[in-house]
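As structure tokens, the structure follows; a few thoughts come after it.
The values are calculated or read from the model by the stated rules, or taken from the named source; none is laboratory data. Everything numeric in this text was worked out from a predicted model, so none of it was measured. Counting neighbours? That spans all protein chains shown, and the Cβs are built from the backbone with ideal geometry, glycine included.
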Amino acid sequence: MQRVAIIGSSQSRHQRRNADQNVEDIIYETVRGLLDQVSLDIRDVDAVIGAGDDVLDGRSISNVFTAEYAGAFLKEESKVEDDGAYAASYAFMRIASGACETALVYAYSKGSDSSPQHYSGMIADPLYLRPLGVEAITAAALQAQCYFSRYNVTEEQAALVAIKNRKHALSNPFAQISGELTVEDVMRSPLLASPIKRIDASPVSDGCCALLLASEDAVKRFQMKPAWIRGLSFSTDTFYPGHRDLTEIRSAHKAAERAYKMANIHDIEREIAYAEIHEPFSFQELMIYEALGFCEKGQGGHLVESGATREDGRLPVNLSGGALSANPIFATGLIRLAEAANRISQRGGNAVAHATSGFCLQSNIVYVLSA
Amino acid sequence: MILHGDITIPYKWTTGPAIGRFLAELRDNARIVGARCAECNKVFVPPTDVCGQCFKPLDAWVELTGEGEIIAASAVHYQLPWSPLPPPYTLALVRLDGADTELIHLAQEGLKTGDRVRAKFKEERSGTILDIDKFVPLADATVEREATTTQPLKEVRGQVSLPYRWSYGKALSRFFQESRDNKRLMGTRCPRCLSVTVPAARICTRCFVEATEWVEVSDHGVLETFTTVHLPFPGQPTEPPYTYGLILLDGASTYFSHLIEEPVESLRCGMRVQAVWSDERKGDLFDILHFKKEES
Amino acid sequence: MRRAAIVGTGQTKCKERRDDVSFPGLIYEAATRALEDAGITIDDVDAVVFGSAPELFEGVNHPEQWCADASGAFLKPQIRIHTGGTVGASTGIAAFYYVAAGMFDTVLAVTGDKLSESPVQLGLSTVYDPILGRQFACGAPSAVALQARQYMHKYGVTEHQAALVAVKNRKNALLNPYAQLHIPNISVEMVMNSMVLSTPIKLLDSCPASDGACAMVIASEGLAEQYADRPAWIKAVATFNEGVYYAGRNFADPLALMEAAKKVYKTTGITDPRREIDVAELYEAFSFQEMLWTEAMFFCERGEGGKLVESGATEMTGDLPVNPSGGVLSTNTIGATAMMRQAEAAMQVMGRAGQHQIDGARTAIAHGWGGGIQFHTLMIVSTDKN
């Protein structure tokens, strides 16, 4: 297997509504920004893999139009209709196989052109879940209730995640939401579906992220600072949330186990310096800590309380502010990968990047990156 | 500029044997059934087609009493256009006696983890998950049994309606402003290959460079190809028969797509055509009514 | 690059409406058949690649998650590919890369759509941009009608020649038990006199809409020889895009297909595709397209596609049989269609094509088409590993 590295990334400034631009504008500016940043021409890109959602775009087979704006004219091109972190896994496979040297991944959405509730409601199957109004928030609320009562995790502990990530976002120029919050602010914010309150939920953003992956030869040829993808795995669980034990994220645990094995990571505490986690809701970051082996099962609340995952902790998580600070659906997970790659290519060490998809964290993907 | 619109599509979802049986039992017998996996013995409620773990179809039926326990409950405080009830209402995970999984359904307000509950059915039932009205405390539900034989439901009908407010984006906003206000068709010229994209676009996609020079092109051009649509389908925006085609406007390097209003027999690839402008222009494709044969 | 081969294929019976099975159930049917054909169980599968076309067909977003139990993805890696008409092929090709990368040894690729769940042309009309063209689009037929007219105008092919394709493939379909359309008395007159959908395309120039699914098992060198006596080795793949609004576009010149063909011929060292390829499965959703694709794949000179079909060369008895399965003109699920081309090509070189087997087929090519007439995929499979 050829070694594969992330050699550059770019993001749009994520915002609630970017009414002036259509998705093609946002994609072009982000991809152009990436090429400028790494001083490469579109001719240096061998393949383009996109990630976006037809329902959010209101246009079926939307890459008919978007791919050209990512530079895919007469190129190898394909599309993963899931978070960009999954599209990056496909780009990884193409380079790892030796079929190409460089691959560009772009992921985007304009939640403000459509209604994110409709997007999420469409994930609910039409026979069992949709008639009950089940969508991302209500499904997560049931999961939170299960998790809290099983392990005595508290709403206040979940609130600490929201506070931490919004504070981290203060230093992220691309973030949509940032600020200094108190537990009281979170607890008093409007209830969406108990125990989830407005501030526990990620916002909806218009935005794009682009990433450039390269083979070892290309890294040398272009003289880039690489973040090597040393471990990569992903996993999917059963669809119907009631058919799963919602208190543990089996698919994230499986993915992490395999990614660590591939990367030869044995001692997470010692070997992992940094993590970016895709946390659609504050409490889910705690559950993902557990699945990624950052702490024992049920100890996620204590981990965040200990301050270990803060900026100054032993394993900082989501210095970018995470999904809670900017959430362009389909780009949110790819942003985790971009942020983790940026950090370790500057500071060295190993990082974990995680992304998720589906109700109650149904699918998860885990990367281990290394400078 | 923004285009407000929607996508609305009617569906007839095929249930398949497992879900079809479950829904038919709700409708005909006010009864909840589960399906047991012959391999791992797990009883799934509600049943789906396949046990994912064993990769075997679920087709051994188990009748349940409709009684069980609340595993989790959430009070929902926001409204969706398709919410089953006005908020606040309670959504719960219910573990029915005899099941190894949980059913997601509505529950009476105030119910909490550990409470014993029973399904309360609606009087009028049509074969949907909402035939169960909600889960209520044991004492509040009467047991109804109308044991009849039942045929699995084949399909459930419904509709999806998605609202949109699409941004035109930078280039098309200016293009349609010019067409609306000045009856002018504008293109953008590529600084590298000099081709002119019409309607104006942000970039030349061949060269992948920004096309910043705006040029006016003619509203006359050549009909490159055309078709007369006869096929009707539900929800069609224009009623057939109608003719549309691709026009290479004088000064443009890309095709412009529009309606052609001429007797079909007189149309030829390569013929000259011209735009017929509308008097009421709103900044969309129908600022031009259609194209017609060029007047000599 | 690690070698990989198709070692099992599975197709559902396709019908206008499969009222006996849900969409996930349809996926399950194809997946289990592919595993059975490969002689393995789901436990032998390391990862799943799922593909389906626009989610508005079934009205469920993230269908791969809805179908996760049925596709065999339970606690396995799974991604969803979606590239419109090419999706079946793009999915097979993604699965190939997963094995070729050395990441997974055995991958199940499964695709499908249940087009009867909603009005298919309404769903397809949402492919057109809402600001530029959805107003008068009529699904796939009107877009391809524009292509057909431009092709006729530029190269002089005729409606009659297109009808020959429509007849040839429907006759082949009679030998394929999985094909949806079986029209025993099909004739050129029937095609020419059939209802006009969008000039010059008539009903019998056009594919049907089907409920159906297709799956393939792709395995690495070492395992592939254990799973199949004659694996279909994947020798080259391509997934090209040419865009929609580019300057100088002519629908009669499918640049992406020509680029893809050059790439796969170069990879495999093929210099005379007409002679070196034994059988082709092409994505001819409409009769005209088969002629155009044969030109763009360099089976004949530009403009000679009509003469190629007239010569009988593309019949099952000809020197380059095209679509012995009956092609897309006989079955079109959209989601699985391009994978059916790959599966049929594999069945030919594996010697498992039954009544529509081309004797001695050693090298086969499978094509996929989709998007705004701009996506093209190719895959070359061969009995020859090296």
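What the table shows:
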item	result
Test for B:Thr90: is it buried (at least 18 other Cβ atoms within 10 Å of the Cβ), within 29 Å of the chain's Cα centre (by Cα) and more than 19 Å from B:Glu25 (Cα to Cα)	yes
Matching entry among B:Gly187, B:Gly169, B:Gly114, B:Gly110 (being surrounded by 21 or more Cβ atoms within 10 Å (Cβ to Cβ), on the phi > 0 side of the Ramachandran plot and either more than 10 Å from chain A (Cβ to nearest Cβ) or of a type outside the set (S, T, N, Q) (or both))	B:Gly169
Selection count where residues are at positive phi and either at pLDDT 95 or above or of a type in the set (D, E, K, R) (or both), scope region A:208-240	0
Looking only at region A:178-210, and only at residues there that are more than 14 Å from A:Ala144 (Cβ to Cβ) and acidic (Asp, Glu), the one that is farthest from the other protein chains (Cβ to nearest Cβ)	A:Glu180
Conditions (1) in contact with a Pro (Cβ under 8 Å, 6 or more places away or on another chain); (2) in contact (Cβ under 8 Å) with a residue 12 or more places away in the chain; (3) within 14 Å of chain B (Cβ to nearest Cβ); number of the one not met by C:Arg80	(3)
Test set (1) in contact (Cβ under 8 Å) with a residue 24 or more places away in the chain; (2) in contact with an Asp or Glu (Cβ under 7 Å, 6 or more places away or on another chain) - A:Gln117 fails condition number	(1)
Contacts under 7 angstrom Cβ, first residue in region B:256-278 being within 10 Å of chain C (Cβ to nearest Cβ), partner buried (at least 20 other Cβ atoms within 10 Å of the Cβ) and among the basic types (Lys, Arg), 6 or more apart	B:Cys269/C:Arg149
Residue within region B:147-162 that is in contact with a Lys or Arg (Cβ under 9 Å, 6 or more places away or on another chain), in a strand (DSSP E or B), away from chain A (no Cβ under 14 Å) and not polar (S, T, N, Q) present	no
Residue count for region C:192-208, restricted to those that are surrounded by fewer than 24 Cβ atoms within 10 Å (Cβ to Cβ) and over 18 Å from B:Thr228 (Cα atoms)	1
Conditions (1) in contact with a strand residue (DSSP E or B) (Cβ under 7 Å, 6 or more places away or on another chain); (2) within 14 Å of chain B (Cβ to nearest Cβ); (3) surrounded by fewer than 22 Cβ atoms within 10 Å (Cβ to Cβ); number of the one not met by C:Ala256	(3)
Residues of region B:43-89 satisfying the condition of being under 17 Å from B:Ile19 (Cβ atoms), within 14 Å of chain C (Cβ to nearest Cβ) and of a type outside the set (Asp, Glu)	B:Phe44, B:Pro46, B:Pro47, B:Thr48, B:Val50, B:Cys51, B:Gly52, B:Lys56, B:Pro57, B:Leu58
Positions within region C:64-98 being in contact with a Lys or Arg (Cβ under 7 Å, 6 or more places away or on another chain) and closer than 26 Å to B:Cys54 by Cβ, in sequence order	C:Glu64, C:Leu75
Selection from region B:237-296 of residues that are out of contact with any strand residue (DSSP E or B) (no Cβ under 8 Å at 6 or more places or on another chain) and at positive phi	B:Gly283
Those residues of region A:121-139 which are within 9 Å of chain B (Cβ to nearest Cβ), farther than 23 Å from A:Phe65 by Cβ and not in a loop (DSSP other than H, G, I, E, B), in sequence order	A:Gly121, A:Arg130, A:Pro131, A:Leu132, A:Ile137, A:Thr138, A:Ala139
Residue satisfying condition, being touching a Leu at 6+ places or on another chain (Cβ under 6 Å) and over 17 Å from A:Gly322 (Cα atoms), within set A:Ser120, A:Ser149, A:Ser114, A:Ser109	A:Ser114
Some residue of region B:120-143 being under 30 Å from B:Cys40 (Cα atoms) and more than 13 Å from chain A (Cβ to nearest Cβ)	no
Residue match in region A:140-152 (condition: surrounded by fewer than 24 Cβ atoms within 10 Å (Cβ to Cβ), more than 11 Å from chain B (Cβ to nearest Cβ) and of a type outside the set (Ser, Thr, Tyr))	yes
Candidates C:Val127, C:Val60 - the one that is closer than 27 Å to C:Ala285 by Cα, outside any helix (DSSP H, G or I) and within 9 Å of chain B (Cβ to nearest Cβ)	C:Val60
Region A:214-239, residues that are aromatic (Phe, Trp, Tyr), buried (at least 24 other Cβ atoms within 10 Å of the Cβ) and more than 23 Å from A:Ile272 (Cβ to Cβ)	A:Phe239
Qualifying positions in region C:274-311 - in a helix (DSSP H, G or I), hydrophobic (A, V, I, L, M, F, W, C) and closer than 18 Å to C:His160 by Cα	C:Phe288, C:Met291, C:Leu292, C:Trp293, C:Leu308, C:Val309
Residue within region C:26-34 that is more than 14 Å from chain B (Cβ to nearest Cβ), modelled with pLDDT of 95 or more, part of a helix (DSSP H, G or I) and buried (at least 24 other Cβ atoms within 10 Å of the Cβ) present	no
Subset of region B:226-253 that is over 16 Å from C:Tyr128 (Cβ atoms) and of a type in the set (Val, Ile, Thr) - its residue that is nearest to the other protein chains (Cβ to nearest Cβ)	B:Thr228
From B:Glu224, B:Glu295, B:Glu239, residue being in contact with a Cys (Cβ under 7 Å, 6 or more places away or on another chain) and among the acidic types (Asp, Glu)	B:Glu224
Any helices (runs of 4 or more DSSP H) falling wholly within region A:1-109 and containing at least 3 residues that are of a type in the set (Ser, Thr, Tyr) and more than 14 Å from chain B (Cβ to nearest Cβ)	A:84-96
Selected residue (only one of A:Ser89, A:Ser78 is surrounded by 22 or more Cβ atoms within 10 Å (Cβ to Cβ), in contact with a Phe, Trp or Tyr (Cβ under 8 Å, 6 or more places away or on another chain) and touching a residue at least 40 places away in the same chain (Cβ under 8 Å))	A:Ser89
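Yes or no, residue by residue, for (1) more than 9 Å from chain B (Cβ to nearest Cβ); (2) out of contact with any Gly (no Cβ under 8 Å at 6 or more places or on another chain); (3) at pLDDT below 95; (4) in a strand (DSSP E or B):
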position: C:Glu64; (1), (2), (3), (4): yes, yes, no, no
position: C:Ala68; (1), (2), (3), (4): no, no, no, no
position: C:Ser90; (1), (2), (3), (4): yes, no, no, no
position: C:Leu108; (1), (2), (3), (4): yes, no, no, yes
position: C:Gln121; (1), (2), (3), (4): no, no, yes, no
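Residues checked against (1) within 30 Å of C:Ile131 (Cα to Cα); (2) surrounded by fewer than 21 Cβ atoms within 10 Å (Cβ to Cβ); (3) touching a strand residue (DSSP E or B) at 6+ places or on another chain (Cβ under 7 Å):
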| site | (1), (2), (3) |
| --- | --- |
| B:Asp6 | yes, yes, yes |
| B:Ala18 | no, no, yes |
| B:Ala38 | no, yes, yes |
| B:Pro84 | no, yes, yes |
| B:Val94 | no, no, yes |
| B:Asp97 | no, yes, yes |
